[in-house]
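Worksheet: one structure, shown below.
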Amino acid sequence: MTFQFQNLPYKENELEPFISEQTMNFHFKKHYKKYIANLNALLVECNQTPGSLKEALLKYHTINDAIFQNAAQAWNHEFFWNCLSPQKTAPSPVCKKMLKEHFGSYESFKSKFLESALGLFGSGWIWVVKNSSGGIGIMALGNAENPMTSGHVPLLVCDVWEHAYYLDYQNDRTKYLNQFWQVLNWNFFDQNLEEDSQTESQSRVSDVGKISRG
Ligand code: MN3
């Protein structure tokens, strides 16, 4: 299977003034599309046909760095585009409750997020994840790393590779992170939580099926 690039869910200039059209243009056309092209070329070379980016990144995580990195970067960027929105959104009551439970308050969640982002040396991604015990947490992962390889469910992410902010904020990651909240799509958090709970209840149903048939 050849992977096709996904279009942005908004126009390149719609996140201005927080993320410029120029940044989105480079980010989408030069970085993200390149990962898809690289991945397709690598898969042809070794005659592999994973069914999805998720399948590719999970399968090649420990066995082929080049395929993993390009598949993960493609997946991470598609997820990241959806974490941004030109419409102003706010955490839902469910989301607020979770943030309060796990971080004490919305404000302390934000400072923990910023602290993790500033603490990550070099390029990477700052993830809000659901862990296997149902709690939520923040993971700062370098380069192309993705929380699904360690069994976590991604709920939100911020791209902290310099290509995501250098044209607008130069080396000032703090300034970029402070603007990130202006365009963060909180509805996507709820959507990912909802999808995960559906997957969980489906797997419970199939477990019950296995037991009764056994
Ligand atoms: Mn990027």
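Each of V44, V128 has some number of other Cβ atoms within 10 Å of its Cβ, and from fewest to most they run V44, V128. Electrostatic bookkeeping for H61 treats Lys and Arg as +1 and Asp and Glu as -1; over the other residues with beta carbon under 12 Å from its beta carbon, the sum is -1. Contact order, relative form, for the range 64-214: 28 percent (alpha carbon pairs under 8 Å, 6 or more residues apart, mean separation divided by residue count). One decimal place: the segment A37-E14 gains 5.7 nm when fully extended, by the rule 0.36 nm per residue minus the C-alpha distance. Working ranking of peptides 49-62, 110-123 by packing, defined as the average number of other Cβ atoms within 10 Å per residue, highest first, is 49-62, 110-123. Remark: S203, S108 ranked as S203, S108, counting other beta-carbon atoms within 10 Å and listing the fewest first. Tell me, what is the FRET efficiency for E107 and V44 to the nearest 0.05, using R0 = 45 angstrom and their Cβ-Cβ distance as r? E(calc), rounded to 0.05, equals 0.40. For K30 and D196, what is the calculated FRET efficiency with R₀ set at 35 Å and r taken between the beta-carbons, to the nearest 0.05? After rounding, the FRET efficiency stands at 0.60. Near S197, once Lys and Arg are set to +1 and Asp and Glu to -1 for all other residues with Cβ below 12 Å from its Cβ, the sum equals -3. Across the chain, Cα-Cα pairs more than 33 Å apart make up 17 percent of the total. Judged by the mean number of other Cβ atoms found within 10 Å, the most tightly packed of the peptides 67-79, 160-172 leads the ranking 67-79, 160-172. Checking the Cα-Cα distances for K29/K54; K11/K59; K59/K130 against a 30 Å cut-off, the pairs over it are K11/K59. The range 13-33 and the range 113-141 have their alpha-carbon centroids 23 Å apart. Does a label point 7 Å from the Cα of T62, set along Cα-to-beta-carbon, have any residues of the range 121-164 with amide nitrogen under 18 Å, and which are they? Counting backbone N atoms under 18 Å from the label point, the list is 145-152.
Here D190, D65 are placed in order of increasing Cβ neighbour count within 10 Å, fewest first, which gives D65, D190. Using Cα pairs closer than 8 Å and at least 6 residues apart in sequence, work out the relative contact order for the range 122-191, in percent. Normalised by residue count, the contact order of the range 122-191 is 29 percent. Relative to the Cα centre, the charge distribution of the chain, modelled as +1 at Lys and Arg Cβ and -1 at Asp and Glu Cβ, gives a dipole magnitude of about 300 debye. Taking label positions 7 Å along the Cα-Cβ direction at both K97 and R204, the computed distance is 1.6 nm, reported to one decimal. When the helices of the chain are scored as -39500 (n - 2.57) per DSSP H run of n ≥ 4 and the total is divided over every residue, the value at 222 nm lands at -16500 deg cm²/dmol.
Bear in mind that the values in this text are calculations on the coordinates, not laboratory data. Since the model is a prediction, treat every value here as computed from it, not as a measurement. When we count neighbours, we look across all protein chains shown, and the Cβ atoms used for this are built from the backbone with ideal geometry, even at glycine.
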